[in-house]
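Notes follow once the structure below has been shown.
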Amino acid sequence: MPSEVDAVQLRGIGKRFPGVVANHDVDVTIRPGTVHALIGENGAGKSTLMKILYGVQRPDDGTITIEGKQVVLKSPTEAIEAGVGMVFQHFMLADNLTVLENMVLGAEKLHGIGDGARTEIRRISERFGFDLDPDVLVEKLGVAARQRLEIAKVLYRGARIIILDEPTAVLVPQEVDALFENLRELKAAGNSVLFISHKLDEVLAIADDITVMRRGTTVGTADPATATKHELAELMVGSELPSPETEESTVTDTVQLSLSDVTLTDEFGRNLLTDLSLTIRRGEVLGIAGVEGNGQAELVETIMGMRIPTSGRIMLGDQDVTHWHTRQLREAGIGYIPEDRHRHGLLLDAPLWENRILGHQTRPPSSKGMWINRKGARKDTERIVADYDVRAPGIDTPSRALSGGNQQKLIVGREMSGDPVLLIASHPTRGVDVGAQAAIWDHIKRARRNGLAVLLVSADLDELIGLSDTIQVILRGRFVGTFDPSSVTPQDLGTAMTGGAA
Amino acid sequence: MSAATAQRSTIVERLTKSWLYIGLIGIGVVSFVRIITDTDDLTGAGTIRAAIIATCPILAAALGGLWAERAGVVNIGLEGQMILGTWGAAFFTYHYGPWVGILGAALLGLVGGLLHAIATVTFGVDHIVSGVAINLIGAGAATYLAEAVFPEYEGGGPRQLNGLEAPAQVTIPGVSDLANTISDQHWFFVSDVASVIQALTTNISTLSLLIFALVIISALVLWRTSFGLRLRSCGENPQAAETLGVNVYLYKYVAVLISGALAGIGGGFLALVASSGFSTGQTGGRGYIGLAAMIFGNWRPGGLLAGALTFGYTDSLRLRDTQSVHSLLLLVAIGLLMFAAWRACRKQVKGALVVAAAGALVMAWFLLTDSVPREFTVMTPYVTTMFVLALGSQRLRMPAADGKSYRRGSAG
Ligand SMILES: Nc1ncnc2c1ncn2[C@@H]1O[C@H](COP(=O)(O)OP(=O)(O)OP(=O)(O)O)[C@@H](O)[C@H]1O
Ligand SMILES: [Mg+2]
């Protein structure tokens, strides 16, 4: 089956947006039956290129050849017909529809929309360990489950050329391993996979070919058999690979946040969180490790006042904040980096400077008395853009036009401004490149030296181990183990997260 | 697998059962109020027949709203499309008889829908602005066309066209008579049910039956076919739909055209069944009430049917006598108190207290007065809708991308 015709040939692709050249002179060749990794810094033009290959956007120049036939893709429909399937960097799911409905949409002819489809979904879910219930509303799913659903959608359609735009950003190592296992099978069956990731270990582990993009164009290729992480990083950004080492401890004795016996029940009376207690002192980073869906999101939302605990007490400093509203909590100095930047972090159609005001609408420099301070907000946005290296044509561009990683950097910059006393960070470096990741870690460490307390939820175990002073493992809404990051290994954490002996 | 199917069937069972219970309790309460207040008119066959006639146009408009909003287009142009429908029904019935007349009503409504679709889908005009424009255009066009065309016709004038032939009526002989006998006994519960059966089997217009059938057809098409799934996906997340190969513009167009046609049929009903002819301004805001019924019904066919029936029923009572409107107060009070009890059972204390207080107020009103101004019932649909919105807003779930403009290529 795997013929010698290249699966995809992209030649001289160019795409311009107002004020930016997203792609120019891009040449990529994907051999059949291989996993081809595409790497590059934030805003390098990877997602744009993939959207062109999937027919969402039309290229200004260049040609696309799929399996030896030159094609003009006017819409995703035509790309799907040509055998292309894509998992987008940001979820493309309808919250009010069920898993099944999201899955069969557009592919109703394959297995219908009833029991046939249900059986097929169960089969895929079982085979790949996706744990998806067809009749659950997508609204109820956490980020990792959504990610698995997105991947399952492509598998369901049986595409021959599969584009995965950062599919692993929120998955824990076990889930990544399972996914890679599937990719190898797909590859063996003659399919080609285009894989985008900022996690270079993963790229080296799975890729057969690597193409590097920088500033909108392809700048080189690398051979995963011989290349090292350092070389890849240098090719991408031209800088050293950072390592998240923590320096001497900055933990003080003053307690900044404490939860005592917090329990949260859902409308059916099931416990989402059970008797959780924790303390974070000034200058301390508490890491939460766990497979997604074990209560991390609920814990964060409870602290942020988006859910009210059924019992238990939350103290910020020496104030009881159990029943405070989100705005009061934010005004009291809590920064919040949400897990899903499109659902909770941004107004996609508002300019960057308006997004800067979100969550800070009652505080300087964004407001003056009851008025919004446009000038102050704009000036501070310029600062964030410079400090956090947000690559954008200007602060008046809508945030939708930013690349995923740059959107993330903007949110981190916003949440770190105004000297917060506590930072609640869910996957803070989701989708940012290695250089920016190091920069964000530096920002967090610097703030910590000045007394910032941090609750860090992350699927990236290296990040957890590198940044945290203490790591708690959460399983089914309970803390099941406390680890010292200086001695724990990712393997230990992995075992504890899935309920193995700690 | 089998466990899951079993689980699903119990859900279905539970749902149908709960509808059945709610229906039975509803009839029981109405019957109780009828006997307590001694107003047999409350469930007399005449009242029910009037209620069905009042319900149908609202129901058609509500269905129109459902189709459009499920595809993500807010259609407050329903009123205008309905007005166009009244004219279309009159014109085509005069020339070709009632069934072509109904098609004509749908066609004119569809033209209104087409305008709305062009504005909102193709040009990205704000849905409300376009809807208001359609209402103005619809009213203006119908008035102009009536003045231009109808004075020449037999039975016509610049503002009306009378003596139109109505669609056929059906009666099921045996059932109708039996139900009539039972309902005349004024027994608790049994007679009330008999009245409903009598109204449904005696001289009921085929157009009414068609509109009720359209509720079921809409439910099946929207929720049981892949066409419906695609259409709904455009209202939930058009970008996601686009990336899965759904032609979002096409589905939105189809939805809004169907929406306009349904509203037009509602208008046709007003001209052919609810009265015996066309007159300008005949819709009297029923398009808006249809929209309210749809919101009341949580963007679902069963719900909007309940909403339309509620509004239709109160509307028909208003036209009969003030005594029954007064009894209606007791009905509302009992309803609110029951709702409060249900909320208390679910431990929603605050909500329960608010509803109970409202119920007590209405009860006091009932006990302390013995008549209600007729005008009061005119506002019933609006008051009820506001109540539902205020009490149930957390449970109402409109399509996620409803009313948002969508451009091709914005995915990702
Ligand atoms: N719809 C758009 N309108 C305007 N500019 C855009 C749009 N989409 C992308 N861009 C710009 O094109 C450039 C490339 O963006 P792209 O999303 O392809 O980057 P990326 O390589 O995927 O980055 P990341 O790793 O952060 O996801 C960026 O400068 C971005 O601002
Ligand atoms: Mg990207």
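The values are calculated or read from the model by the stated rules, or taken from the named source; none is laboratory data. Just so it is clear, the structure is predicted and the values come from calculations on it, not from any experiment. Glycine gets a Cβ as well: all are built from the backbone with ideal geometry, and neighbour counts include every protein chain shown. These area figures cover heavy atoms from the full protein model, side chains too; ligands, DNA and RNA do not enter into them. Shrake-Rupley method; radii C 1.70, N 1.55, O 1.52, S 1.80 Å.
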For region A:174-198, the count of residues that are without any contact (Cβ under 8 Å) to a residue 60 or more places away in the chain and within 13 Å of ligand 1 (Cβ to nearest atom) equals 0
Quiz item: Is it fair to say A:GLY112 is at pLDDT 90 or above and more than 7 Å from chain B (Cβ to nearest Cβ)?
Solution: no
For strands (runs of 3 or more DSSP E) lying entirely in region A:247-322, having 3 or more residues that are touching a residue at least 60 places away in the same chain (Cβ under 8 Å) picks out A:255-265, A:271-281, A:285-289
All conditions in (1) surrounded by fewer than 21 Cβ atoms within 10 Å (Cβ to Cβ); (2) under 24 Å from A:ARG341 (Cα atoms); (3) more than 10 Å from every other protein chain (Cβ to nearest Cβ) are true of A:LEU141 except (1)
Filter region A:123-139 for residues that are in contact with an Asp or Glu (Cβ under 9 Å, 6 or more places away or on another chain) and not in a loop (DSSP other than H, G, I, E, B); the one that is nearest to B:GLU242 (Cα to Cα) is A:VAL138
How many residues of region A:10-48 are under 23 Å from the mean Cα position of the chain (by Cα) and exposed (fewer than 15 other Cβ atoms within 10 Å of the Cβ)? The answer is 0
Exercise for the section: State whether the residues of region A:192-209 include one that is assigned to a loop (DSSP other than H, G, I, E, B), farther than 18 Å from A:ALA459 by Cα and either at pLDDT 90 or above or under 23 Å from the mean Cα position of the chain (by Cα) (or both). Expected result: yes
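Need at least 3 residues that are open to solvent by 10 Å² or more (accessible area, probe 1.4 Å) per element, so show me which strands (runs of 3 or more DSSP E) inside region A:436-502 make the cut, counting only ones lying wholly within it.
Values: elements: A:453-457, A:470-475, A:478-483.
Those strands (runs of 3 or more DSSP E) span A:470-475, A:478-483.
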Can you find a residue in region A:199-214 that is in contact (Cβ under 8 Å) with a residue 12 or more places away in the chain, polar (S, T, N, Q), within 16 Å of ligand 1 (Cβ to nearest atom) and surrounded by 22 or more Cβ atoms within 10 Å (Cβ to Cβ)? yes
Task: B:SER226 in contact with a Leu (Cβ under 6 Å, 6 or more places away or on another chain) and within 14 Å of chain A (Cβ to nearest Cβ) - done: no
Among (1) away from ligand 1 (no atom under 14 Å from the Cβ); (2) crowded, with 20+ Cβ neighbours inside 10 Å; (3) within 14 Å of another protein chain (Cβ to nearest Cβ), A:ALA7 falls short only on (3)
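Would you mind stating whether A:SER426 is more than 16 Å from ligand 1 (Cβ to nearest atom), open to solvent by less than 30 Å² (accessible area, probe 1.4 Å) and closer than 26 Å to A:ILE465 by Cβ? Lay out the reasoning, then the answer.
Numbers: more than 16 Å from ligand 1 (Cβ to nearest atom): yes; open to solvent by less than 30 Å² (accessible area, probe 1.4 Å): yes; closer than 26 Å to A:ILE465 by Cβ: yes.
Spelling it out, A:SER426 is indeed more than 16 Å from ligand 1 (Cβ to nearest atom), open to solvent by less than 30 Å² (accessible area, probe 1.4 Å) and closer than 26 Å to A:ILE465 by Cβ.
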Check: Would you say B:VAL196 is in a helix (DSSP H, G or I), in contact (Cβ under 8 Å) with a residue 60 or more places away in the chain, away from every other protein chain (no Cβ under 11 Å) and open to solvent by 50 Å² or more (accessible area, probe 1.4 Å)?
Finding: yes
Listed by range, strands (runs of 3 or more DSSP E) wholly within region A:1-110 having at least 2 residues that are within 16 Å of ligand 2 (Cβ to nearest atom) and in the same structural domain as A:ILE162 (by TED's automatic domain parsing) are A:8-17, A:20-30, A:35-40, A:84-87
**Message:** Residue under question is B:ASN298, and the condition is that it be surrounded by fewer than 24 Cβ atoms within 10 Å (Cβ to Cβ), free of Cβ contacts under 8 Å to residues at least 24 places away in the same chain and within 14 Å of another protein chain (Cβ to nearest Cβ); does it hold?
**Reply:** no
Given the conditions (1) more than 16 Å from ligand 1 (Cβ to nearest atom); (2) touching a residue at least 12 places away in the same chain (Cβ under 8 Å), every one holds for A:ARG446 apart from (2)
If you go through B:ALA344, B:ALA360, the only one that is at pLDDT below 90, surrounded by 13 or more Cβ atoms within 10 Å (Cβ to Cβ) and farther than 24 Å from B:ALA293 by Cα is B:ALA344
Scanning region A:1-50 residue by residue, the ones that are of a type in the set (Val, Ile, Thr) and under 16 Å from A:GLY431 (Cα atoms) total 2
Sole miss for A:THR429 among (1) hydroxyl-bearing (Ser, Thr, Tyr); (2) more than 17 Å from the chain's Cα centre (by Cα); (3) not in a helix (DSSP H, G or I) is condition (2)
Per the filter on region B:236-264, residues at the interface with another protein chain (Cβ under 10 Å from one of its Cβ atoms) and not aliphatic (A, V, I, L, M) are B:GLU236, B:ASN237, B:PRO238, B:GLN239, B:GLU242, B:THR243, B:GLY245, B:ASN247
Residues in region A:389-422 that are more than 7 Å from ligand 1 (Cβ to nearest atom), within 14 Å of chain B (Cβ to nearest Cβ) and in contact with a strand residue (DSSP E or B) (Cβ under 9 Å, 6 or more places away or on another chain) total 2
Within region A:215-239, the residues that are crowded, with 19+ Cβ neighbours inside 10 Å and in a loop (DSSP other than H, G, I, E, B) are A:GLY216
Taking region A:48-91 and keeping only residues that are within 19 Å of A:LEU38 (Cα to Cα), touching a Lys or Arg at 6+ places or on another chain (Cβ under 7 Å) and either small (Gly, Ala, Ser) or within 16 Å of ligand 1 (Cβ to nearest atom) (or both), one is left with A:THR48, A:ILE52, A:GLY55, A:GLN57, A:PRO59, A:GLY62, A:GLY85
Note to self: A:ARG363 - would you say it is in a loop (DSSP other than H, G, I, E, B), more than 17 Å from the chain's Cα centre (by Cα) and more than 16 Å from ligand 1 (Cβ to nearest atom)?
What the structure shows: yes
Taking region B:88-119 and keeping only residues that are among the aliphatic types (A, V, I, L, M) and open to solvent by 40 Å² or more (accessible area, probe 1.4 Å), one is left with B:VAL100, B:LEU103, B:LEU107, B:LEU110, B:VAL111, B:LEU114, B:LEU115, B:ILE118
Residue count, region A:154-178, condition open to solvent by less than 20 Å² (accessible area, probe 1.4 Å), closer than 18 Å to A:MET103 by Cα and part of a helix (DSSP H, G or I), comes to 2
Residue check for A:VAL432: of a type outside the set (Gly, Ala, Ser), more than 14 Å from chain B (Cβ to nearest Cβ), away from ligand 2 (no atom under 16 Å from the Cβ) and in contact (Cβ under 8 Å) with a residue 60 or more places away in the chain: no
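Give region A:391-411 a look and list any residue that's open to solvent by 10 Å² or more (accessible area, probe 1.4 Å) and either part of a helix (DSSP H, G or I) or not hydroxyl-bearing (Ser, Thr, Tyr) (or both), or say none. Let's see the steps before the verdict.
Of all residues in region A:391-411, those open to solvent by 10 Å² or more (accessible area, probe 1.4 Å) come to A:391-398, A:400-403.
Once the filter is applied, which keeps residues that are open to solvent by 10 Å² or more (accessible area, probe 1.4 Å) and either part of a helix (DSSP H, G or I) or not hydroxyl-bearing (Ser, Thr, Tyr) (or both), region A:391-411 yields A:ARG391, A:ALA392, A:PRO393, A:GLY394, A:ILE395, A:ASP396, A:PRO398, A:ARG400, A:ALA401, A:LEU402.
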